[in-house]
Amino acid sequence: MGIKERVAITGRPGVGKTTLIERVIAAVPLSAGGIIGRELLVCGHRVGFSLIDVATGREGILAHIHQRVGPKIGRYTVNLDTLHEIGIPAIRSAIRSKELVVIDEFAPMELASPEFVSVVEAALASDKSLMIATHATLDHPLVHRIRQELKLFRVKLSNRDRLVDEVSAVLSSIENHRSSR
């Protein structure tokens with residue numbers, strides 16, 4: 001089992017967690033897989049969220065204000081099919097074949113699926129480097145564990161650009177350990 005670096009990204013909605021994660025993925029010398037979530041905007045208003053497989057680019061609707069079937073979280077209805085057909089397989093594939101497992105994000109919508117919670121637990125139990133985003137105020141035992149076990153970075157508008165270098169440096173240290181052998 002090699003050296004692994006693990007980071008948790010937390011912050012309020014809209015602060016730039018996903019942008020930070022995407023910039024870190026581009027900056028680190030590690031193969032990455034897992035998921036990224038993005039806002040769906042119509043005329044500047046958020047109407048939902050998409051879920052994207054980092055390795056393949058496959059994308060689906062995670063939640064939408066016009067989705068009719070699934071658990072309701074706030075004004076959005078979660079599309080569990082997207083979690084089960086894109087999200088969970090993307091994380092499992094990353095655990096098997098990538099150096100860095102990305103989970104953006106572990107939040108109330110994802111908590112609607114016990115299978116998703118299970119795959120996040122599998123990622124934590126793996127020997128892979130991790131980058132997991134969580135809501136700043138989410139109260140869930142697994143979120144508490146993520147915040148305690150991983151190196152925690154709190155994203156704010158004032159520090160998100162600087163954090164790209166800091167998080168990249170932490171995750172890149174695995175590459176430094178490898179090349180110093």
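The numbers here are math on the coordinates, done by the rules we state, and not lab data. Remember, predicted model here, so these are calculated numbers, not experimental data. Counting neighbours? That spans all protein chains shown, and the Cβs are built from the backbone with ideal geometry, glycine included.
Relative to the longest principal Cα axis of the chain, at what angle does helix 88-97 sit, 0 to 90 degrees, rounded to 10? Once rounded, the angle reads 10 degrees. What shape does segment 22-92 have by the C-alpha gyration tensor, where a ≥ b ≥ c are the square roots of the eigenvalues, rounded means a/c under 1.5, and otherwise prolate means a/b greater than b/c and oblate the rest? Here segment 22-92 falls in the oblate category.
Out of every Cα-Cα pair in segment 9-54, what percent are more than 12 Å apart?
The calculated P(r) of segment 9-54 puts 68 percent of pairs beyond 12 Å.
Please figure out what share of the DSSP beta bridges in segment 1-108 is antiparallel and state it in percent, rounded to the nearest 5.
If I count the DSSP bridges inside segment 1-108, around 80 percent turn out antiparallel.
Between 0 and 90 degrees, the angle of helix 17-27 with respect to the longest Cα principal axis of the chain falls at about 40 degrees.
For GLN67, nonlocal amide neighbours, meaning residues 5 or more places apart or on other chains whose placed amide H falls under 5 Å from its own, are THR77. Under the simplified labelling scheme, the SER126-GLU85 pair shows an inter-label distance of 2.3 nm, with each label point 7 Å from Cα along Cα→Cβ.
Helix content alone sets the calculated 222 nm mean residue ellipticity of the chain: runs of n ≥ 4 DSSP H residues at -39500 (n - 2.57) each, divided across all residues, give -11000 deg cm²/dmol. Along segment 102-109, what does the Karplus equation 6.51 cos²θ - 1.76 cosθ + 1.60 (θ = phi - 60°) give for ³J(HN,Hα), rounded to whole Hz, x for Gly and Pro? Couplings: 10, 10, 10, 9, 9, 8, x, 5 Hz. Quick check on segment 121-166: take the gyration tensor over C-alpha atoms, sort the square-rooted eigenvalues as a ≥ b ≥ c, and tell me if it's rounded (a/c under 1.5), prolate or oblate. Since a/c reaches 1.5 but b/c is at least a/b, the shape of segment 121-166 is classed as oblate. For segment 54-105, the fraction of C-alpha pairs farther apart than 14 angstrom is 56 percent. What the pair-distance distribution of the chain shows, using all Cα-Cα distances binned every 10 Å from zero, is 10, 40, 38, 11, 2, 0 percent. What angle do you read, to the nearest 10 degrees and between 0 and 90, between the alpha-carbon axis of helix 160-179 and the longest principal axis of the chain? The angle comes out at about 50 degrees. Comparing VAL101, VAL119, LEU157 along the charge dipole axis of segment 98-164, the residue lying farthest to the positive side is LEU157, per the Cβ-charge model. Total lysine pairs in the chain at Cα distances under 27 Å, for residues eight or more apart or on different chains: 14. For the chain, DSSP calls about 45 percent of its internal beta bridges antiparallel. Close amide H partners of GLY11, meaning residues 5 or more places away or on another chain with modelled amide H under 5 Å apart, are THR134, ALA136, VAL155.
Only Lys, Arg, Asp and Glu carry charge here, each on its Cβ (+1 for the first two, -1 for the last two); on that basis the chain has a dipole of about 320 debye about its Cα centre.
Compute the signed sum of charges (Lys and Arg +1, Asp and Glu -1) over the other residues within less than 10 Å, Cβ to Cβ, of LEU150. My count for the surroundings of LEU150 gives +2.
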